[in-house]
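The values are calculated or read from the model by the stated rules, or taken from the named source; none is laboratory data. Only a predicted model underlies this, so the values are computations on that prediction, with no experimental measurement involved. Cβ: placed from backbone, ideal geometry, glycine included. Neighbour counts: every protein chain shown. Surface accessibility is based on the protein's heavy atoms, side chains included, excluding ligands, DNA and RNA. Shrake-Rupley method; radii C 1.70, N 1.55, O 1.52, S 1.80 Å.
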Amino acid sequence: MRAYKGAGLSSFKRIDRHLSYDRLMNALRYLSGYPPDILEQVHRLIAARRLHATLAQRHPDRHTVRNDRILLDYVGDLKARYLKSAPPLAKVMYDNRLQAVRQALGTHTAVSRVQGNQLKAKREIRIASVFKDAPASMLRMIVVHELAHLREPDHSKEFYALCRHMQPDYHQVEFDTRLWLTALEIEGDAGSKEGSAIATDARTHEDR
């Protein structure tokens with residue numbers, strides 16, 4: 001076991017040797033700016049290898065939005081329900097080139113094209129492909145975030161109010177999504193599957 005010092009990790013005393021300092025720091029970039037007491041709790045879950053399992057219990061439902069066609073329908077249904085008057089979307093897709101956080105969790109763009117004598121903007125939403133395997137609530141959070149930008153371009157109070165209107169627990173799920181990305185980078189797909197299995201087993205015992 002090794003101890004880490006500095007960078008807000010003085011309380012993170014023990015962790016498996018296979019996890020290097022650089023790898024840990026890289027994973028924790030998703031939580032940049034959060035207060036020390038929150039990071040302390042995250043550190044304990046990582047050290048105990050419980051981060052994936054904890055998230056799987058909190059977000060047990062998986063989604064079936066596995067390709068661009070289904071994603072287009074999914075986004076379209078949410079837009080029709082909450083943002084009927086917002087500009088139409090020309091394209092919705094998963095994007096393998098998007099890297100979470102570095103290029104945001106998803107992107108919304110307005111591609112300008114000349115049609116006749118007019119300059120028209122076609123709006124697109126792209127979601128990082130990693131979220132094909134995310135819990136359902138996390139995919140919804142990302143889609144809600146990008147849809148809100150159709151009406152509110154900046155991260156203003158109005159923007160977040162619109163996000164909460166579409167998903168009341170938006171802020172909690174947004175934080176949990178950052179935890180999920182952290183866990184995915186530290187524990188990998190194996191940790192995600194193990195966490196889901198633990199959560200499923202726990203729910204099975206509760207139902208008995």
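The figures follow:
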{"quantity": "Where residue 90 falls short, out of the listed (1) in a loop (DSSP other than H, G, I, E, B); (2) farther than 17 Å from residue 145 by Cα; (3) in contact with a strand residue (DSSP E or B) (Cβ under 6 Å, 6 or more places away or on another chain)", "calculated": "(1)"}
{"quantity": "So residue 164, is it within 18 Å of residue 75 (Cα to Cα) and open to solvent by 10 Å² or more (accessible area, probe 1.4 Å)", "calculated": "yes"}
{"quantity": "Filter result for the condition that a residue is over 28 Å from residue 67 (Cβ atoms) and of a type outside the set (A, V, I, L, M), over 152, 146", "calculated": "152"}
{"quantity": "Given (1) part of a strand (DSSP E or B); (2) at pLDDT below 90; (3) out of contact with any Ser or Thr (no Cβ under 8 Å at 6 or more places or on another chain), index of the condition residue 119 fails", "calculated": "(3)"}
{"quantity": "Filtered residue count, the stretch 48-57, keeping only those that are of a type outside the set (A, V, I, L, M), under 19 Å from residue 27 (Cβ atoms) and out of contact with any Gly (no Cβ under 7 Å at 6 or more places or on another chain)", "calculated": "3"}
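Residues checked against (1) in a loop (DSSP other than H, G, I, E, B); (2) charged (D, E, K, R); (3) out of contact with any His (no Cβ under 7 Å at 6 or more places or on another chain):
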position: 29; (1), (2), (3): no, yes, yes
position: 40; (1), (2), (3): no, yes, yes
position: 44; (1), (2), (3): no, yes, yes
position: 49; (1), (2), (3): yes, yes, yes
position: 75; (1), (2), (3): no, no, yes
